[in-house]
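Structure first, then comments.
The values are calculated or read from the model by the stated rules, or taken from the named source; none is laboratory data. Just so it is clear, the structure is predicted and the values come from calculations on it, not from any experiment. Here the Cβ is made from the backbone with ideal geometry for all residues, glycine too, and neighbour counts use every protein chain on show. Heads up: the accessible areas ignore ligands, DNA and RNA and are worked out on the full protein's heavy atoms, side chains in. Shrake-Rupley method; radii C 1.70, N 1.55, O 1.52, S 1.80 Å.
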Amino acid sequence: MKRALVILAPGFEEIEAVVPIDLLRRAKIEVVVAGVLPGVISGSRKIRLIPDYDLEDVLEEEFDCIILPGGAEGAENLKKDVRIKELLEKQVRAGRWVAAICAAPGCLVQFGLFPSAKMTCHPSLWDDFPQESLDRYSGVVVDGQLITAKAAGRAVEFAFEVIRRLLGEEAVEEVNRSFLFPYALEMEPQKE
């Protein structure tokens with residue numbers, strides 16, 4: 001069974017966390033939700049979630065994909081946690097997937113990961129990104145083992161792209177039979 005880790009930090013964007021958790025679980029991917037702090041984590045809209053684990057408890061585990069929800073405050077809190085940097089470096093060295101949405105791709109830039117990869121992020125961060133790497137036009141971008149997305153409005157496409165990369169197009173179609181996202185089957189699979 002494929003495994004994904006979703007990391008929650010205070011101020012995370014709720015849609016960018018809950019939509020991937022929900023859709024990946026519908027696809028029968030084991031989703032582990034870990035908080036950078038023990039206990040309840042409050043999102044950017046003050047919705048409180050209880051992670052499955054404290055991040056400390058899963059640092060030695062392997063995941064097929066690590067997913068970073070954005071939110072300006074959430075991304076800043078991810079950047080401050082040295083464990084996130086170390087976990088992502090290990091993931092990159094192993095050639096496994098990393099997925100970041102909205103403000104979270106800024107963590108990858110700050111950590112010096114994927115220096116030549118094309119990526120997207122929330123428009124408020126465009127000036128902070130290496131311009132040669134920035135894709136301003138695509139909602140979801142795949143480059144190598146990296147998946148990035150622009151903002152909360154792209155959370156469904158983002159989650160479907162993670163599913164597509166871990167399980168294939170048929171899994172996206174299967175999930176969407178009951179979910180009925182209007183554009184899922186019309187979406188062009190991203191080129192690597």
Handout entry: Rounded to whole Hz, the Karplus (6.51, -1.76, 1.60) HN-Hα couplings of the stretch 125-142, x for glycine and proline
Key = 9, 3, 5, 8, 9, x, 4, 5, 9, 7, 9, 7, 9, 7, x, 9, 10, 10
Handout entry: Listed residues Arg93, Arg165 arranged by accessible area, highest first, probe 1.4 Å
Key = Arg93, Arg165
Problem - Whole-number accessible area per residue in Å² for the stretch 3-178, which is evaluated in the context of all protein chains at 1.4 Å - result: 42
Problem - Rounded to 5, percent antiparallel among DSSP beta bridges of the stretch 3-178 - result: 25
Problem - Packing-based ranking, highest mean first, of 67-75, 54-62, 151-159 given that Cβ atoms within 10 Å are counted - result: 67-75, 151-159, 54-62
Practice task
Enumerate the amide H contacts of Ile147 below 5 Å, restricted to partners 5 or more residues apart or on another chain; note that Pro and chain-start residues carry no placed amide H.
Solution key: Val98, Ala99, Ala100
Exercise for the section: Sequence neighbours fewer than 8 away in the same chain don't count; with that in mind, list the lysines whose C-alpha is under 23 Å from Lys85. Expected result: Lys2, Lys118, Lys150
Handout entry: Computed accessible area, Ser116, all protein chains, 1.4 angstrom probe, square angstrom
Key = 100
Handout entry: Rg and Dmax [Cα atoms of the chain; Å; Rg one decimal, Dmax integer]
Key = 15.0, 40
Completion exercise
Taking Met119, Met1 and ranking on accessible area (1.4 Å, protein atoms only), highest first, one gets Met1, Met119
Problem - Residues with amide H under 5 Å from that of Lys2, placed H, sequence gap 5 or more - result: Glu30
